[in-house]
Amino acid sequence: MNRSRVAIVTLAALAALGLAGCGKEEPKPAPKEQAAPPPPPELSIKIGHVAPLTGNIAHLGKDNENGARLAAEEINAKGVMIDGKKLKIELMGEDDQADPKTGTVVAQKLVDAKVNGVVGHLNSGTTIPASKLYSDAGIPQISPSATNPTYTQQGFKTAYRVMANDVQQGKVLGEFAVHKLGAKSIAIIDDRTAYGQGLADEVEKAAKAAGAKVVAREFTKNDATDFKAILTKIKGRRPDAVFYGGMDAQAGPMAKQMKQLGLKTRFMSGDGGCTPEFIKLAGDAAEGFYCSQAGLPLDRMADKTFAERFKKRFNAEVQIYSPYSYDAVGVLVDAMKRANSVDPAKYIAELPKTSYKGVSGNIEFDDKGDIKNGAITLYDIKGDKLNVIEVIGGAPAAPAAPAADAGKAAEAPKADAPKAEAPKAEAAKK
Amino acid sequence: MSAMDLEILLQQVLNGLVLGSVYSLVALGYTMVYGVLGLINFAHGEVVMIGALTALSVGRLLEILLPGLPGPVVILLATLAAVPVCMALGFVIERVAYRPLRYAPRLAPLITAIGVSILLQHIAMLIWGRNYHSFPQYLPSEPFNVLGASLTVVQVVIVVVAVAMMAGLMLLVHRTRLGRAMRATAENQSIAGLMGVDINAIISITFIIGSALGAVAGVMVAANYGVAHYYMGFVLGLKAFTAAVLGGIGNLGGAVLGGLLLGMIESLGAGYVGDLTGGVLGSNYQDVFAFFVLIVVLVLRPSGLMGERVAERA
């Protein structure tokens, strides 16, 4: 008698659990397919994003990944239709540790996972070797931050970037140093990575062409923190300006050590050092620093609500390239829409014809995969803040429209209008 | 050589001295452990890192709780907080990772040490994140002029503290009973045990002292460069170990000499290698220079500059 009661109770309990379980599962698909008409089938795609998520520029890698993630979430939320199906992007965020060896391993992993597109990598040193793998597999790759010219000079049909490259950046920096800062002698240091070395070479070329003398060319590694020996040597050469080709994680301590050594001269770097993190690391040695970014200043970008949305979602300030990784995702999806297919083989032909209004402005590519009308912005640091000195290049400024309007503008890329609504949808969901 | 050249040389020498002092402090930790256990404690670099990051957190806490405190007091308190943390860490590492393997083949504790090193790096990454943290300037950062070279207060403090701690350690090891017990353990563990020395306690104390020195070194490195992060211990540990070997592993005086020498070689090497090789080798070969010297010294004098002092293995 007892046993059968136990059995009945157990069965009842299991049934209750089963019903409860069923009850819990129902609401999950609801957000997408509420209404009576049959919900549109989902089209799941994978977009890979690669950046250093560990190591000394992890903060920049995370910044890039967050930008891409925000784009994927907003696109998923507003519901883009491709081939009659609703697009669902799964962002595969990978860590390449800023190491070319790891970068190729990760690239192979993404190729094997048959991703529909790649946003990345962050460093030129990892982007360039990885681009060969993506090209062989026919997977389009858009880098939001690799500025080394070689990346698009390899002739790969899959290689694109959404910001200006180092040929332009180096030229702007070199000419600025000579003509605006009046430097007749320059000392150049680089970190021997593809990016640092490439940019330093371009700056050297431009400075020499503008008539300055390069009195020292020193090198370091991308994980060193002690630069006293190099800086002491440079101090002996008495340059009017010192340029560092490398990242903020080193430019910061370098600025500090320049001050400690009493090396009182102008200190400049490229986009790698032009971040809020640099100001934190350099402390009071950051004052009077000059740097450039490959792109427009955040407050002159086409979509001025981006920084807010970013902060709201991730509780972090934009470091530097998240608007570009955000746009890179947008460009990929835009090409997919125009081709009405998510298959790389089919939508890759649409990429060269891109004319996409992204957060960072209008994006069009030239025949190499570089962006047309790429801008370079020069900054200085005064009062612990990056201040815009000058913007060189870039598309003619669109009439400054308030954020709400920018969303509503009826333009071909439908991606725009829903972006303004997406944050509201996000807020409602939360 | 012009006056400017002499000034530059002096600056490079001073830089090397500061760098070398830090290497010496950390090298002492390696050499002491090797002396009593015959083990290269690869995790020591990470203990240094934990010291730096703990001091960073304590410093931040103090700034919130007691905002009016002057900088030097904050950094002193932060260091005093970091030292016991590292001492405890060193003790735990020895008890958990190395003691069970004390009589195992030499390879086992070596691999374990590497494992502990990786473990600590990742624990630090989980606690403090992967970003580089800027270590606040608690001491005045304006440099002052010394015969044409620039020095900061931090650098002077580093050298003074390092010298003081090394002198203290020498006194401890050579003039106290505890020191005698340590030397006996280092010479021959089993005989020392028969003579009434508590081997386990001595070994634990060795780790604790080494870790305390490491903690101070960590704070100094963080204060000097203004950055602290979860990976900072790795290269520092490697170089300090190199310094210990250069001077003669197991030999305390050797660790000090090796550290100072390595600091000088790196500093002068980076400064002058470009000129010496006519631009063929650049300053990015700084580390290569240091390791090259190590190889040459070991080939010509395998026991290091001041001679090895390792436990006799029965």
quick note, the protein assembly as shown, DSSP beta bridge pairs, % antiparallel (nearest 5) is 40 percent
Would you kindly derive the ³J(HN,Hα) couplings of the stretch A:312-321 from the backbone phi angles with the Karplus curve 6.51 cos²θ - 1.76 cosθ + 1.60 (θ = phi - 60°), listing them in order in whole Hz, with x for Gly and Pro? 5, 6, 10, 6, 8, 7, 5, 7, 7, 9
FRET efficiency estimate (nearest 0.05) - Cβ-Cβ, residue B:123 to residue B:194, R0 51 angstrom: 0.85
I'd like the distance separating the alpha-carbon centroids of the stretch A:94-137 and the stretch A:275-300, in whole Å. 28 Å
Projected onto the charge dipole of the protein assembly as shown (+1 at Lys/Arg Cβ, -1 at Asp/Glu Cβ, origin at the Cα centre), which of A:98, B:100, B:4 gives the Cα projection farthest towards the positive end? B:100
Determine ³J(HN,Hα), in whole Hz, for all residues of the stretch A:223-239 in sequence, where each value follows from phi through the Karplus function 6.51 cos²θ - 1.76 cosθ + 1.60 and θ = phi - 60°; x replaces Gly and Pro. 10, 7, 10, 10, 10, 4, 4, 5, 5, 5, 4, 5, 4, x, 8, 6, x
Would you please give the FRET efficiency between residue B:147 and residue A:185, computed as 1/(1 + (r/R0)^6) with r the Cβ-Cβ distance and R0 = 22 Å, to the nearest 0.05? 0.30
Placing unit charges on C-beta atoms (Lys and Arg positive, Asp and Glu negative, everything else neutral), compute the dipole magnitude of chain B about its Cα centre in debye, rounded to 20. 1000 debye
What is the magnitude of the charge dipole of the stretch A:167-294 about its Cα centre, with +1 placed on the Cβ of each Lys and Arg, -1 on the Cβ of each Asp and Glu, and no other charges, expressed in debye to the nearest 20? 640 debye
What is the calculated FRET efficiency for residue B:177 to residue B:102, with r their C-beta to C-beta distance and R₀ = 30 Å, to the nearest 0.05? 0.80
Roughly how crowded by other chains is peptide B:267-279, in terms of the mean Cβ count from those chains within 10 Å of each of its Cβ atoms? 3
Which one of B:211, B:224, B:280 has its Cα pushed farthest toward the positive end of the charge dipole of chain B, where Lys and Arg give +1 and Asp and Glu give -1 at the Cβ? B:211
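Taking every residue in A:55-65, how many Cβ atoms of other protein chains lie within 10 Å of its Cβ, on average?
Numbers: counts 5, 7, 3, 8, 4, 1, 1, 3, 0, 0, 0.
Counting Cβ atoms of other protein chains within 10 Å of each residue's Cβ and averaging gives 3.
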Within 10 Å of each Cβ of A:217-227, how many other protein chain Cβ atoms are there on average? 6
For chain B, what does the alpha-carbon gyration tensor say about shape, rounded, prolate or oblate, given a ≥ b ≥ c as the root eigenvalues, a/c under 1.5 as rounded, and a/b over b/c as prolate? oblate
Using the Cα centre of the protein assembly as shown as the reference point, and only Cβ charges (+1 on K/R, -1 on D/E), how large is the resulting charge dipole? Debye, rounded to the nearest 20. 1160 debye
Farthest toward the dipole's positive end in the protein assembly as shown, which of B:143, A:389, B:118, given Cβ charges of +1 (Lys, Arg) and -1 (Asp, Glu) about the Cα centre? B:118
Select from the stretch A:225-266 those trypsin sites (Lys or Arg not before Pro) which occupy a DSSP coil region and have at most 15 other Cβ atoms within 10 Å, ordered by residue number. A:264
Would the stretch A:262-341 count as rounded, prolate or oblate if I go by the C-alpha gyration tensor, calling it rounded below 1.5 in a/c and otherwise prolate when a/b exceeds b/c, oblate otherwise? prolate
Give me the distance between the Cα centres of the stretch B:25-104 and the stretch B:197-222, rounded to whole Å. 8 Å
May I ask you to give the average projected area over all directions of the convex hull of the Cα atoms of the protein assembly as shown, in nm² rounded to one decimal? 42.9 nm²
Select from the stretch B:24-106 those chymotrypsin sites (Phe, Trp or Tyr not before Pro) which occupy a DSSP coil region and have at most 15 other Cβ atoms within 10 Å, ordered by residue number. B:103
If a/c stays under 1.5 just call it rounded; otherwise compare a/b with b/c (prolate if a/b is bigger, oblate if not). Do that for the stretch A:167-294, with a ≥ b ≥ c from the square roots of the Cα gyration tensor eigenvalues. rounded
Subtracting the Cα-Cα distance of residue A:81 and residue A:343 from 0.36 nm times their residue separation yields 92.9 nm
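Read-outs: derived from the displayed coordinates by stated rules, not from any lab. Nothing here was measured: the structure is a model prediction, and the numbers come from that model. Heads up, the Cβs are rebuilt from the backbone with ideal geometry, glycines too, and the neighbour counts pull from every protein chain shown.
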